[in-house]
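Working notes, beginning with the structure itself.
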Amino acid sequence: MLGVDSTIRVEEPGNMATHDTLLRKDIPLIERLANLDKVMGKRFLFFGFPLRIKGLDSSPIRAVALVKK
């Protein structure tokens, strides 16, 4: 899985080459994550809870990180 914060664009709108390459290799992509600075350098479990939206191949998610203390 590749997760990036809200300041990074994987590619420009209309160009899906990176998305297509990652997904063809079964690598999920999660964009626009927030508060990554709070988990940087720490071990954590990641959970992404997607919405089930008929007819779409992507979804907004509720991203949750459980940080190991």
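Table for the structure above
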{"quantity": "Phi to ³J(HN,Hα) by Karplus 6.51 cos²θ - 1.76 cosθ + 1.60 over the range 38-48, Hz, x for Gly, Pro", "calculated": "7, 10, 4, x, 10, 7, 7, 9, 10, 10, x"}
{"quantity": "Alpha-carbon Debye profile of the chain, log10 I(q)/I(0) at 0.12, 0.21 Å⁻¹", "calculated": "-0.37, -1.06"}
{"quantity": "Highest-MSF residue in the chain out of 50, 13, 28 [GNM, Cα springs under 10 Å]", "calculated": "13"}
{"quantity": "Per-residue ³J(HN,Hα) for the range 15-27, Karplus 6.51 cos²θ - 1.76 cosθ + 1.60, θ = phi - 60°, Hz, x for Gly and Pro", "calculated": "10, 10, 4, 5, 4, 4, 4, 4, 5, 4, 9, 6, 10"}
{"quantity": "Check: the chain dipole with +1 on Lys, Arg Cβ and -1 on Asp, Glu Cβ, in debye", "calculated": "520"}
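Readers should treat all values here as calculations from the given coordinates under stated rules, not as data from a laboratory. Computed from a prediction, not measured in an experiment: that's the story for all the values here. All Cβ positions, even for glycine, are placed from backbone atoms using ideal geometry, and neighbour counts span all protein chains on display.
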